[in-house]
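This report concerns only the one structure given below.
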Amino acid sequence: SHTYKWLSDYISVERNLKLALQAAVKTANRGVLESMIRVELALMYFDTRNYEKAASIMKQLRKNNFAHVEIYNKGLIYMQEAYLHFLRTEYTAAKQLYAASLKIMEEDDSHCNTPIIYWKTLALYLAQGKIAEAERDLNTGLKIAKQCGIEKYTMYLLGEASTHYAKNGYYKQAYTYAHMHDSVKDLINNAERLANISELEKEYQTEREREKQQLAKKTLEAQ
């Protein structure tokens, strides 16, 4: 399921997680495995915007007091619950859960993943017209992404900033962040292309070395 998730094949993700769940109930470690798989299912449904199914699973996990749920995953669940409150314009509840999620990630030594919360609080503050708070969280997220060297978080933050500034009528800022997003995206794409070229060069050199060894072996055999 993890492999299919990287490929964005969510139909296969769901199928494999359900197969995993069927297998888990037959094991001696059922409770732990079921919780792990249900977390993945909830996050998968969230990714595909099937919020009703995601909410149902998250409600069940909360009802069980997050038994066997890793602390980092608990932070992710809090974050997604907060987003559902945000969609219902329940901003106070959303803010509280975002704060709880942020605290968990920082205590779990997952500081470098906190930008995924900051681009959500950015949207929360913009929806309330709190520009200063939105800018603060955007800059905090960008600073952490830079410190941790995670350029994709920088790209996502700028992309979310552009989207939500435009959505709330702040078109000048939206244009600025869209331009910054595209610049970072180009840098990431170029870096990935160079990495691919470097990998191909290594494969080519390895193949040439293999051919040389085979030729030397044939020469020796002939002699």
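Computing Rg and the Kirkwood Rh from the Cα coordinates of segment 1-128 gives a ratio, Rg/Rh, of 0.98. Sorting 213-221, 145-153 by average packing, meaning the other beta carbons within 10 Å per residue, from highest down gives 145-153, 213-221. Using the Karplus relation 6.51 cos²θ - 1.76 cosθ + 1.60 with θ = phi - 60°, the per-residue 3J(HN,Hα) values for segment 16-28 come to 6, 5, 5, 5, 5, 5, 4, 6, 4, 5, 9, 9, 6 Hz, with x marking Gly and Pro.
The residues of the chain expose on average 63 square angstrom of accessible surface per residue, using a 1.4 Å probe on protein heavy atoms. Round to a whole number: what % of the accessible area of segment 65-179 belongs to carbon and sulfur, probe 1.4 Å? Ligands and nucleic acids excluded, carbon and sulfur give 51 percent.
Segment ILE71..TYR175, full-extension length gain: 33.7 nm, with 0.36 nm per residue of separation and the alpha-carbon distance subtracted.
Within straight-line reach of LYS143, meaning a Cα separation under 20 Å, sit the following aspartates and glutamates at least 8 residues removed in sequence or on another chain: GLU106, GLU107, ASP108, ASP109, GLU133, GLU135, GLU151, GLU160, ASP182, ASP186. Across the chain, C-alpha contacts under 8 Å between residues 6 or more apart give a mean separation that, scaled by the residue count, equals a relative contact order of 10 percent. For the listed residue pairs LYS59/LYS130; LYS5/LYS172; LYS53/LYS172; LYS18/LYS185; LYS120/LYS146, the alpha carbons are over 28 angstrom apart in LYS59/LYS130; LYS5/LYS172; LYS53/LYS172; LYS18/LYS185.
The values are calculated or read from the model by the stated rules, or taken from the named source; none is laboratory data. Model, not experiment: these values are computed from the prediction. With ideal geometry, Cβ positions are generated from the backbone for all residues, glycine too; neighbour counts draw on all protein chains shown. Each accessible area value is taken on the protein alone, full model and side chains, heavy atoms only, with ligands, DNA and RNA left out. Shrake-Rupley method; radii C 1.70, N 1.55, O 1.52, S 1.80 Å.
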